[in-house]
Amino acid sequence: MASDMEQEYSAGQYQSPLSERYASREMQYLFSPDMKFRTWRKLWIALAETEKELGLSRGGEPVITQEQIDELKAHADDINYEEARKREKEVRHDVMSHVYAYGLQCPKAAGIIHLGATSCYVGDNTDLIVMTQALRLVKKKLLNVMDRLAGFAERYKDLPALAFTHFQPAQPTTVGKRAALWLQEFCLDWEDLEYVLGGMKLLGSKGTTGTQASFLELFDGQYETVEKIDPLIARKMGFEGCYPVSGQTYSRKVDTRIANVLAGIAASAHKMSNDLRLLQHLKEVEEPFEKKQIGSSAMAYKRNPMRSERIASLARYVMIEALNPAVTSAVQWFERTLDDSANKRLSLPEAFLAVDGILDLCLNVTDGLVVYPKVMEKRLMGELPFLATENILMDAVKKGGDRQRLHEKIRELSMEAARQVKEEGKENNLLSLIEADPAFLLRPEELRAAMDPARYIGCAKEQVERFLADVVFPILEENRGLLGAGAKIRV
């Protein structure tokens, strides 16, 4: 329990909104000091085990004993943080401070911790391990967003709605087809995520400039033995392999690939959230609104799409953040430079935390979307007379009318109906104007039949069904063990 003085101090210093408001505890832990330093110890154990298994010896005697490894394992999780902090104040080196602190707990093994390795052995491998686990969490949440959107698209696959191009009324679509467009964006992100996640490897233990010279020296020039180090460490840490070549660090191009995947997810979420904000303005679809939620401090009646707005806000941050790893990757000098470090500590963890917050918001929003079919019908029917004119023209020509003459009449009547709507605020009366004109030779019931929205949604319903069956449902079925995740929104 923190003292009153400590609590007062923490309230008087900057705290990241990503931690305080948006990212889940699960994602925050992955980028926490505790996760990092526990992983360092696991890596030191894996290195010591590997060196022992490969027969590291001096004068015929093993350099590393099972007793030393058992001692390391016994203290893998009870990290003596205070000792590490005190040591770092003296030596100004985080890795060596933790080597020292671990050695205090493991006096028999103190001399073999970190043997032959550089700081990047624990630093870079831990970053790759953490980001791999973070990508898996992103994968789980992305899949659940896709699942919710798939259910929504299927439920409303044949509900007609006015579609827009340039945010101007266009041919009708269906609510489900529009959701399928959002879902397809996330499916493309899924493909990118699977590709990058499937290619994640460890740095291994490459030494100061990536040549493994220190290990060649340790193993008395036995290249065949040194060649086995990285595969053994990778397997012990749950990876299939290590990057075959590197400088002192793994290629920062890996960070760029990861950041681009995160930015892609952010862009897809941004697109969906923008559409939802517009739909909420049109009163056709609303995001969830809690019983005691306040929409505005001044206007008590308001129901602002604040979750969708927050998605857009965080998404812009992630998309811009993706530039950092790309620039960092481009300016690495030869085998190692350190201008990546401070930038990397910020750009990648915060991009992950932001995407985690975005996906939690997407889960919350897609889990409770409210649809207003009557509003949709009213808006659609207000525009449908204009949209139906081509069908009306064809029906009239079939009755014996002159196509060119009727086309001109429809143009004139459409202009008059539009004028009355815009200038006089009247309802769209184009159908009445056409019905009153004897040149069209159409009975009232024939004109009314032309006003069936289902005639104008094309293959929207069938496209949704095919897309779900061929693309989405196979992904959901293959990964059904990840389904069922929910999201808790804190603010």
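Worth a mention:
- Net length gained if the chain between residue 420 and residue 289 were fully extended (0.36 nm per residue, minus Cα distance): 43.5 nm
- Separation in nanometres of the label points that stand 7 Å from Cα toward Cβ, at residue 445 and residue 488: 6.2 nm
- Measuring r between the beta carbons of residue 335 and residue 222 and using R0 = 25 Å, the FRET efficiency lands at 0.55.
- The smallest convex shape that holds all Cα atoms of region 21-112, its convex hull, gives 116 Å³ per residue.
- Rounded to the nearest 0.05, the FRET efficiency derived from the C-beta distance between residue 32 and residue 480 at R0 = 30 Å is 0.50.
- Normalised alpha carbon radius of gyration of region 129-218 [divisor 2.2 N^0.38 Å]: 1.85
- Full-stretch length increase - residue 11, residue 119 - with 0.36 nm per residue and alpha-carbon distance subtracted: 35.5 nm
- Note, ³J(HN,Hα) from phi for region 417-432, Karplus 6.51, -1.76, 1.60, rounded to Hz, x at Gly and Pro: 5, 5, 4, 5, 5, 7, 8, 10, x, 7, 6, 5, 10, 4, 4, 5
- Close amide H contacts of residue 174 (hydrogens built in the peptide plane, cut-off under 5 Å, sequence separation of 5 or more or a different chain): 161.
- For region 389-450, the fraction of C-alpha pairs farther apart than 19 angstrom is 26 percent.
- Placing a pseudo-label 7 Å from each Cα along the Cα-to-Cβ vector at residue 235 and residue 411 gives an inter-label distance of 7.8 nm.
- For region 221-227, 3J(HN,Hα) computed residue by residue from phi via the Karplus equation (6.51, -1.76, 1.60; θ = phi - 60°) reads x, 7, 4, 4, 6, 4, 4 Hz, glycine and proline entered as x.
- Amide H partners (placed H, <5 Å) of residue 57, local residues excluded: 63
- Stretch gain in nm, segment residue 76-residue 390, where the contour uses 0.36 nm per residue and the Cα spacing is subtracted: 105.6 nm
- Considering only the chain, percent of DSSP beta bridges that pair antiparallel, nearest 5: 90 percent
Taken together, the values in this text are just the output of simple stated rules run on the coordinates, not laboratory data. Worth saying up front: this structure is predicted, and the values here are computed from it rather than measured. All Cβ positions, even for glycine, are placed from backbone atoms using ideal geometry, and neighbour counts span all protein chains on display.
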